[in-house]
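The values are calculated or read from the model by the stated rules, or taken from the named source; none is laboratory data. Since we're looking at a predicted model, the values are computed, not measured. Quick reminder, even Gly has a Cβ in these numbers, built from the backbone with ideal geometry, and neighbours come from all protein chains shown.
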Amino acid sequence: MKLLDLPLEILIDNILYNLDAQSLERLSCANKTLRRLVDDELLWKHRVFADYNLPHDSSFRHSGWKRLYSKLQDSVVYTWGDNSDGRLGHPPPATPINIRFRNRDVYELIGQHGRRTMRQNYASPQELVALRGKGIVDILSGGWSFHALDRHGRVWLWGRMHGDMLARLSLGARLVSEPTQVQLPSSIQAISCGRSHTIALARDGDVWHWDNWQVVQRIRVAKPIVQVAANWGYSSLLTSQGEILRINHPESVTNEGDTLSDLEITESGVTLQSVEGNAKANSLPFKPIEKGDKIVQIAGLEKCTLALTRYGRVFKIHTENADELSVASASLTTELTKYGATQQELNERGPGKKMHRFVSGQFRNFAVYTAQGSVLLGHQDHPPEQDPEVLEQLQHDVCKVSFGDYHSGALTNQGRLLTWGANSNGAVGHGEAGMFVEPKETPEAISTLRNMFVFAIGFGGWQSGALAIPRD
């Protein structure tokens, strides 16, 4: 029997999905039919996840996977924005700065007690050379810091995790001036950053969180975890059964030799069944939960956790107060019908599966993406009946939106990065570093990255980060 005589499902699922990249390339040279099958985007998405440790919830990308695979080992890390405390990871200037001449990347401010101080901020993306060759596949930003995940499951940190705390009170308040590996005993497959903490899901299923690079804490959960999401001051875990568990901010440590005992999670969380028939905060009749529906993806915000269900419904669950959540999950849940599917769709996680809807968010803002190309923006404090803001200029193209305090960025399937909002000491990335630059009202492409294919972004606070590969 010839290979092409096999049923298509067996050929794809049982053979192509189990071949390595080199074998796929050789097979594609056999004939046009096999080339067409090997060029399938879902197949190369599977290979990227399998070989490069790319997190499943990093973006809603639906094209460009083969290009990514060929060049991910040469990813370039860029950071820009406010560098007043060294959070961008770039070394200080080699020569003193002449304060009489203000260029686009450096400007002077009046510091505390009237002292004249210089802050070297970067108004355009600058390569973080210290991470060259490390195989970085994801980048995220907290309030004053960055984290990066590499293809080997290592996590790198730079900046200051606790930017609002004295250094003598917490290890996380000390500046990490260059990318430093977090001391994790497990290989990590996904990370998520809050304001001053990070939570990670390991390849072996363990969950870890920390607020400094030296002392981490294991979270023991009796149920399988499929996603971790850092809210602004706590975290949310999603189980394989569609249950959301709330985790407090990790305990701060003051000494390098300190240790933290495992955190045992035994209580139940929020499920769709726990909100059934009582989530009427949007003043609309609550549609019963259909059999087979469950939460399949979450996004952590400041006061709440956004939840997407298997059948395309979107809920906002107020997870900020742990005591209230344990007894009043239904009354603290709102369905965002204007962000959900009007007809039942099927969203499934995992290799070879397809998501028709996708959610992401940080601090107070979130985005909901659809397979038809719509990108709907929302705010945690908006009433549920308020219409979403639609990214009209970027319809049918956006695969990720990331939010800082006052600036935002959108990543397209074609590898373009567009930003808008307040300048935030250069974090919007268009070459203007002054504090009083007018906000950009509409998304604009960052011209300095025109020769790079950007595949990941991580905005936060007054800083921005991106990962890219050469376009040629």
For this session: Evaluate the following for Ile247: is it among the hydrophobic types (A, V, I, L, M, F, W, C), closer than 23 Å to Ser58 by Cβ and in contact (Cβ under 8 Å) with a residue 60 or more places away in the chain?
Result: no
Seminar exercise, completed: Only one of Lys71, Lys32 is out of contact with any Leu (no Cβ under 7 Å at 6 or more places or on another chain), on the phi < 0 side of the Ramachandran plot and free of Cβ contacts under 8 Å to residues at least 60 places away in the same chain, namely Lys32
Seminar exercise, completed: Among residues of region 195-235 being without any contact (Cβ under 8 Å) to a residue 40 or more places away in the chain and not in a strand (DSSP E or B), the residue farthest from Asn53 (Cα to Cα) is Lys223
Problem set entry | Single condition Ala427 does not satisfy, out of (1) buried (at least 18 other Cβ atoms within 10 Å of the Cβ); (2) more than 15 Å from Asp138 (Cα to Cα); (3) in contact with a helix residue (DSSP H, G or I) (Cβ under 8 Å, 6 or more places away or on another chain) | (3)
Seminar exercise, completed: Of (1) hydrophobic (A, V, I, L, M, F, W, C); (2) in contact with a helix residue (DSSP H, G or I) (Cβ under 8 Å, 6 or more places away or on another chain); (3) surrounded by fewer than 20 Cβ atoms within 10 Å (Cβ to Cβ), Ala468 fails just (3)
For this session: May I ask you to list the residues in region 410-422 that are crowded, with 24+ Cβ neighbours inside 10 Å and either in contact (Cβ under 8 Å) with a residue 60 or more places away in the chain or closer than 16 Å to Gly143 by Cα (or both)?
Result: Leu411
Problem set entry | Hits in region 171-187 - residues which are outside any strand (DSSP E or B), closer than 13 Å to Arg160 by Cβ and in contact with a strand residue (DSSP E or B) (Cβ under 9 Å, 6 or more places away or on another chain) | Gly172, Leu175
Exercise. How many residues are touching a Phe, Trp or Tyr at 6+ places or on another chain (Cβ under 6 Å) and part of a strand (DSSP E or B) if we restrict to region 409-427?
Worked result: 2
For this session: Go over the candidates Arg47, Arg61 one by one and state the one that is assigned to a helix (DSSP H, G or I) and either at pLDDT below 90 or surrounded by 18 or more Cβ atoms within 10 Å (Cβ to Cβ) (or both).
Result: Arg47
Exercise. Quick check: is even one residue across region 9-29 at pLDDT below 90, closer than 29 Å to Phe403 by Cβ and exposed (fewer than 13 other Cβ atoms within 10 Å of the Cβ)?
Worked result: no
For this session: Restrict the check to region 450-459 and report whether at least one residue is under 24 Å from Asn121 (Cβ atoms), of a type outside the set (A, V, I, L, M, F, W, C) and surrounded by fewer than 18 Cβ atoms within 10 Å (Cβ to Cβ).
Result: yes
Seminar exercise, completed: Looking across region 121-155 at residues that are touching a residue at least 60 places away in the same chain (Cβ under 8 Å) and among the β-branched types (Val, Ile, Thr), the single one that is farthest from Asn53 (Cα to Cα) is Ile139
For this session: Give me a count of the residues in region 245-267 that are at pLDDT 95 or above and among the β-branched types (Val, Ile, Thr).
Result: 1
For this session: Provide a single number: the residues in region 76-101 that are modelled with pLDDT under 95, touching a strand residue (DSSP E or B) at 6+ places or on another chain (Cβ under 8 Å) and either closer than 19 Å to Lys134 by Cα or surrounded by fewer than 20 Cβ atoms within 10 Å (Cβ to Cβ) (or both).
Result: 9
Exercise. Is it the case that region 249-263 has a residue that's more than 19 Å from Ala173 (Cβ to Cβ), among the hydrophobic types (A, V, I, L, M, F, W, C) and buried (at least 23 other Cβ atoms within 10 Å of the Cβ)?
Worked result: no
